[in-house]
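Reviewing the structure listed below.
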Amino acid sequence: MKGRVAMTKDIFWTPAGKWANRIAFHIKDVCEMTGLAKSTIYEYYRNGRLKVLKIGKHYLILRSSLEEFFADAEDEGMII
């Protein structure tokens, strides 16, 4: 578990602290953090692997959902 916490903290880290205190992220932010395409993020959402909030026209991913997604990915061997 300790490695998981360090891994997700690295994803949220930027020199300017851009995402340090945010509890939710837009899809474009997650794309920037992970280097994944927007279509990949939406695919993970449609497949139920990534929990997404829809508020009006906006899709937001909670920090906790993103941390859970990466923990599950590590358990499944997606992260080496």
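Counting only the heavy atoms of the protein chains, how much of residue 75 is accessible to a 1.4 Å probe, in Å² to the nearest 10? About 100 Å², ignoring ligands and nucleic acids.
Counting 0.36 nm for each residue step from residue 22 to residue 64 and taking away their Cα separation leaves a gain of 14.0 nm. A DSSP coil position with no more than 16 other Cβ atoms inside 10 Å describes the following trypsin sites (Lys or Arg not before Pro) in the stretch 23-80: 49, 51, 57.
Cα convex hull, the stretch 37-80: 76 Å³ per residue, rounded to a whole number.
Taking all protein chains as they are arranged and a probe of 1.4 Å, the heavy atoms of residue 59 leave approximately 60 Å² accessible to solvent. For residue 68, the accessible surface of its heavy atoms amounts to roughly 90 Å² (probe 1.4 Å, protein chains only, rounded to the nearest 10).
Quick check: net charge around residue 50, other residues with Cβ under 12 Å of its Cβ, Lys/Arg +1 and Asp/Glu -1?
Its environment carries a net charge of -1.
The values are calculated or read from the model by the stated rules, or taken from the named source; none is laboratory data. What you see is a predicted model, and the numbers here were worked out from it, not measured in a lab. In this analysis, Cβ positions are derived from the backbone assuming ideal geometry, glycine residues included, and neighbour counts consider all displayed protein chains. Surface areas here come from the heavy atoms of the whole protein model, side chains and all, with no ligands, DNA or RNA. Shrake-Rupley method; radii C 1.70, N 1.55, O 1.52, S 1.80 Å.
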